[in-house]
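To start, the structure itself, in structure tokens.
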Amino acid sequence: MKIVMLGAPGAGKGTQAKLIAESYGIPHVSTGDIFRANVKGGTALGMEAKAYMDKGELVPDELTVRILLDRVSQEDCRNGYVLDGFPRTIPQAEVLDSELSKMGEAIDHAIDVEVPDENIVKRMGGRRACLKCGATYHIVHIPPKQEGICDNCGEKLVQRDDDKEETVKNRLKVYHEATQPLIDFYSGKGVLKTVDGTLPQEEVFAAIKAILG
Ligand code: AMP
């Protein structure tokens, strides 16, 4: 099963993608996580990506598509995957579509996690992340057991540079311009489903499970 998660940054699609991955036994593929791992590792790819990420801008399609196609061609993706944060532009979706169709395959479900912009700004201000294991929290909605400390690995939690308010506003602008058109793209392919991302996390996941079966 191949799934694409759509929705504004901070809509909770990463959290839902992780739940889907666990529940259906398929890898969670996040281009944002791949970029962050490269930033942390100080690779050339990471250095190139960081300049865009820190401003809330998109990493160029050519680079992003290359790392994504490389990831989904790995053995563990053979039975499917859940894409989180990719595609972010129509050209990215078109490349993915044409690469899949070469193999007689296609995206089975595109799930749009809908949340109004004003909720997003509030949510992202409270977001905290563990840069060691990638876990994400929210100071109100998903607090760690011990304040400021990751439940999984005990690392200190931080606010990611790209979760700061000015960056969030820019990311929303970029989302509306570049990414929202993907809703029509996948709707045209008959695979789009929408869930209400303002509901509690478990209810959003229950709605997704009802869609995926
Ligand atoms: P995310 O964790 O998905 O919100 O991604 C964090 C940042 O990584 C984004 O703000 C972009 O700068 C970059 N990024 C992640 N995925 C993509 C993509 N598909 N296309 C372009 N840039 C991306």
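The values are calculated or read from the model by the stated rules, or taken from the named source; none is laboratory data. Predicted, not measured: the structure shown is a model, and the values here were computed from it. Counting neighbours? That spans all protein chains shown, and the Cβs are built from the backbone with ideal geometry, glycine included. The protein model used for the area step is the full one, side chains on, heavy atoms only, and it has no ligands, DNA or RNA in it. Shrake-Rupley method; radii C 1.70, N 1.55, O 1.52, S 1.80 Å.
Quick notes on this one:
So that you can scan it fast, the table gives a plain yes or no per residue for (1) out of contact with any strand residue (DSSP E or B) (no Cβ under 6 Å at 6 or more places or on another chain); (2) within 13 Å of the ligand (Cβ to nearest atom):
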position: 119; (1), (2): yes, no
position: 138; (1), (2): no, no
position: 163; (1), (2): no, yes
position: 167; (1), (2): yes, yes
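- Out of 156, 189, 193, 145, one residue alone is in contact with a His (Cβ under 7 Å, 6 or more places away or on another chain) and open to solvent by 20 Å² or more (accessible area, probe 1.4 Å). It is 193.
- Qualifying residues in segment 42-53 (those that are open to solvent by less than 60 Å² (accessible area, probe 1.4 Å) and not hydroxyl-bearing (Ser, Thr, Tyr)) - the one nearest to the ligand (Cβ to nearest atom): 53
- For segment 59-84, a residue qualifies if it is near the ligand (Cβ under 9 Å from one of its atoms), without any contact (Cβ under 8 Å) to a residue 24 or more places away in the chain and open to solvent by 20 Å² or more (accessible area, probe 1.4 Å), and exactly one does: 60.
- Segment 85-116, subset closer than 15 Å to residue 183 by Cα and small (Gly, Ala, Ser), residue farthest from the ligand (Cβ to nearest atom): 110
- Residue in segment 108-116 that is assigned to a loop (DSSP other than H, G, I, E, B), under 20 Å from residue 172 (Cβ atoms), touching a residue at least 12 places away in the same chain (Cβ under 8 Å) and of a type outside the set (S, T, N, Q) present: yes
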